[in-house]
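The values are calculated or read from the model by the stated rules, or taken from the named source; none is laboratory data. Keep in mind that this is a model prediction, so the values were computed, not measured. Quick reminder, even Gly has a Cβ in these numbers, built from the backbone with ideal geometry, and neighbours come from all protein chains shown. Side chains included, ligands, DNA and RNA excluded: accessible areas come from the protein's heavy atoms. Shrake-Rupley method; radii C 1.70, N 1.55, O 1.52, S 1.80 Å.
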Amino acid sequence: MKITKERFENTGRWIKRNARPLESALWSYHFEDLNDEGVIKCIEAFQNDDGGFGHGIEPDFWSPYSSPMASWAAGQILMDIEAKPELNVVQKLVNYLEHSYMHEKKMWPSVMPSNNEYPHAPWWHWTENVQENWSYNPSAELAGFLLHWSPPGTSSAEIGWETIKDAADYIMEADEMDRHEINNFQKLVKLMSKQETEFDSRINYTLKHTAEKVNALAYKAAGKKKKIGD
């Protein structure tokens, strides 16, 4: 879709008047100067001392406390600007993900009890068994973040592989899936394309086979029938 130069410039001015500094910095990064320093400075304002993110970086829940879901929102932005592993904000995030991991469940908690103490959309409300509604959203993608930013063989990388192994078994058995969780798996497959050989050696299914299942579930969630040859 093409827009006129005037509309493009008006859009930029509107964003800079009305958006949060973070979104304004992202606009500048993508459409003006490709300078990531402004984005990093803004995103660090949402990061807590433990390396996790909160403070409404995901605007639908305003808890200031760190959570894997808010950290996922931050991680997506850091991936978007191609943040390097050696950046302090990234290293702190990796450390948080390593220490907030639920080893017994091989995933991260999607919704935190502290959400209930602050303004939040109803789907972010914590209840005793709420994790069943979320499953690998956002854990599948968080695992991809860990492998993208962690040196091979480190404890954080091994957590990533552990999660992906269980997540792959889960998705291959699934008959249908929520579109948000599918999107997590789509992002995971994309991240794993650079580690396909190791994926195929570690996981019970090849990356190609996993990607085909993700695509089939995506078609089903969209209400489409996949054509032969697609």
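Taking every C-alpha pair closer than 8 Å and separated by at least 6 residues, the mean separation divided by the residue count of the chain gives a relative contact order of 13 percent. Counting only protein heavy atoms and a 1.4 Å probe, the chain has 56 square angstrom of accessible area per residue. Calculated mean residue ellipticity at 222 nm for the chain: -17000 deg cm²/dmol, from DSSP H runs with n ≥ 4 weighted as -39500 (n - 2.57), summed, divided by the residue count and rounded to 500.
Between the alpha-carbon centres of the range 7-34 and the range 39-100 there is a gap of 21 Å.
Taking the longest Cα principal axis of the chain as reference, the axis of helix 68-80 is set at about 70 degrees.
Greater than 22 Å separation of Cα atoms is the criterion. Which listed pairs, Lys105/Lys208; Lys190/Lys213; Lys165/Lys213, meet it? Among Lys105/Lys208; Lys190/Lys213; Lys165/Lys213, the Cα-Cα distance tops 22 Å for Lys105/Lys208.
Straightening the chain between Tyr219 and Trp14 buys 70.2 nm, computed as 0.36 nm per residue apart minus the Cα-Cα spacing. Split the accessible area of the range 74-157 by element, probe 1.4 Å, and carbon with sulfur accounts for 53%.
Net length available on complete extension from Lys84 to Lys208 is 42.0 nm, with 0.36 nm assigned per residue and the Cα-Cα distance removed. Relative to the current alpha-carbon distance between Glu173 and Thr127, full extension at 0.36 nm per residue lengthens the span by 13.9 nm.
Taking the Cα centre of the range 110-230 as the origin and placing charges on Cβ (Lys, Arg +1; Asp, Glu -1), which of Thr210, Pro152, Asn129 is farthest toward the positive end of the dipole? Farthest towards the positive pole: Thr210.
Put a dot 7 Å past the Cα of Lys190, heading toward its Cβ, do the same for Asn116, and the two dots end up 3.5 nm apart. Using the crude model of +1 on Lys and Arg Cβ and -1 on Asp and Glu Cβ, and no other charge, please compute the dipole size for the chain relative to its Cα centre, in debye to 20. Once rounded to the nearest 20, the dipole reads 1000 debye.
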